[in-house]
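Below is one structure, written out as structure tokens; the observations come after it.
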Amino acid sequence: MITRPGVITAAIFLFLSGTSIATPSQDGSDWFKKTIHTINYQLTKAAGIYSPGMNPRSVRPDGTVKLATVQDWTTGFFPGSLWYGYELTGNTALKEEARKFTLGLDTVRHITNTHDLGFMLFCSYGNAFRITGDSSLLPVLQEGAAHLYARFNKKTGTIRSWDMGEWHYPVIIDNMMNLEYLFWAAGQFHQPAYSIAPATHAATTMKNQFRKDFSSYHVVDYDAETGKVFQKVTHQGLTSESAWARGQAWGLYGYVMCYQYTRNPKFLEQAKHIASFIMHHPHMPKDKIPAWDFDVHNALDGAPRDASAAAVIASALLQLSTEVAGGQEYFNYAEDILQSLSSPTYLAGPGENHFFLLKHSVGAFLYNSEIDTPIEYADYYFLEALKRYGQIKKLI
Ligand code: GLY
């Protein structure tokens, strides 16, 4: 979420106010403008329905909306979506809502038992501070970063992900996403150790969490005293040896981001290898929205897709495309994903889908939890990817 706020073009303003001229655009961006229109509608409606601190998370099979409390790892995504929505549309009402829903997460600053502080605080307060520069937001960010840093263990060379479960010291591939918060906090709060921890975590994870083909294990369980690896298993994937789709997306995004902050070429190489695994996977469907696990054998005909994984992949590839010479293949792939996600198959029409943007994500298939449903983090990374795309194409 590094990129700076964009300047909204007159074309998008005109489109949102319904006064655009209906001629196809020269730059092929009609789908983009249509998507922005839907985003404006859905986010405005959603913000009117929910209350700060009880944010929309997903939709249950009975059609009711599952809410995220302030303790929920997904709680930061709705405020973050509103911030990106504001940047994409220029709608200042969304900015006001974004601020309200961000401040509803004030008490997250007291949470110490999870690595997800990155998702919870950096997507909400982090975006709020980036966009507004309001220093009254900093104490929460400072306290949360201290709690995340406290989870770093020099013996394992990693940040502990979970305090739950039967593992000794579990580190999940998702943890790569929460490193950005510490890299940023290191500079903001003049704490150099805060950037050593995530850089060490990324190097350790590269060594212990990846297979030869650059797919990743979901969970690595460490001995906290010696740093020895006890076991490599899954929690949300099909099997311990499978490639859980969102896990591959988290890993890709994480290494692209680590390269942005450290300029360590090993992180860039790792990102390129993971991108290659994903982009050339034989089970990747034609529309480039993967099934929930790459090793689901009926992936090409009927396994539930995971739009959230696709959105994270698109956002990561767009960033990667700007980091390397000849990044066009990454850009093109991400553009294909965004066009698929913007099609009626995945993108809700205005007023549909309980005002979520994307349909068809999977939370935890084998736990029968959040299967083929809208999920807020899919929307968040979709919006971030659209913003990156719009900036690269100079549409915003
Ligand atoms: N971080 C949990 C998940 O990706 O489902």
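The values are calculated or read from the model by the stated rules, or taken from the named source; none is laboratory data. All values derive from a computational prediction rather than experimental measurement. No Cβ is skipped: glycine too gets one built from the backbone with ideal geometry, and neighbour counts run over all protein chains shown.
Of everything in the range 344-384, what is among the small types (Gly, Ala, Ser) and under 20 Å from LYS286 (Cα atoms)? Give them in sequence order. Talk me through it step by step, then tell me what you get.
Taking the range 344-384 as the starting set, the residues that turn out to be among the small types (Gly, Ala, Ser) are 348-349, 351, 361, 363-364, 369, 378.
Once the filter is applied, which keeps residues that are among the small types (Gly, Ala, Ser) and under 20 Å from LYS286 (Cα atoms), the range 344-384 yields SER361, ALA378.
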Original post:
Of the residues that sit in the range 56-88 and are under 16 Å from the mean Cα position of the chain (by Cα) and among the small types (Gly, Ala, Ser), which one is surrounded by the fewest Cβ atoms within 10 Å (Cβ to Cβ)?
Top reply: SER58
Subject >> Check on THR200, closer than 30 Å to LEU238 by Cα, surrounded by fewer than 22 Cβ atoms within 10 Å (Cβ to Cβ) and polar (S, T, N, Q) >> reply: yes
**OP:** Could you list all residues from the range 150-197 that are within 14 Å of the ligand (Cβ to nearest atom), crowded, with 21+ Cβ neighbours inside 10 Å and not hydrophobic (A, V, I, L, M, F, W, C)?
**Re:** SER161, PRO170, ASP174, ASN175, ASN178
Original post:
Is it the case that the range 223-232 has a residue that's at pLDDT 95 or above and part of a helix (DSSP H, G or I)?
Top reply: no
Original post:
For the range 361-383, what are the residues that are in contact with a Phe, Trp or Tyr (Cβ under 7 Å, 6 or more places away or on another chain) and either surrounded by fewer than 21 Cβ atoms within 10 Å (Cβ to Cβ) or part of a helix (DSSP H, G or I) (or both)?
Top reply: PHE365, ILE371, GLU376, TYR377, ASP379, TYR380, LEU383
Original post:
Are any residues in the range 313-343 surrounded by fewer than 21 Cβ atoms within 10 Å (Cβ to Cβ) and over 20 Å from MET284 (Cα atoms), and if so, which ones?
Top reply: THR322, GLU323, VAL324, ALA325, GLY326, GLY327
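If you check LEU94 against the conditions, is it part of a helix (DSSP H, G or I) and more than 16 Å from the ligand (Cβ to nearest atom)? Give the derivation first.
Numbers: part of a helix (DSSP H, G or I): yes; more than 16 Å from the ligand (Cβ to nearest atom): yes.
Yes, satisfied.
Counting only residues that are farther than 13 Å from GLN209 by Cα and in a strand (DSSP E or B), how many does the range 158-186 have?
Here is the first cut: in the range 158-186, the ones farther than 13 Å from GLN209 by Cα are 159-169, 177-186.
Imposing the further condition that a residue be in a strand (DSSP E or B) reduces the set to 159, 162.
Residues in the range 158-186 being farther than 13 Å from GLN209 by Cα and in a strand (DSSP E or B): 2 in total.
If you scan the range 247-304, which residues turn out to be among the aliphatic types (A, V, I, L, M) and assigned to a loop (DSSP other than H, G, I, E, B)?
Across the range 247-304, the qualifying residues are MET284, ILE289, VAL296, ALA299, LEU300, ALA303.
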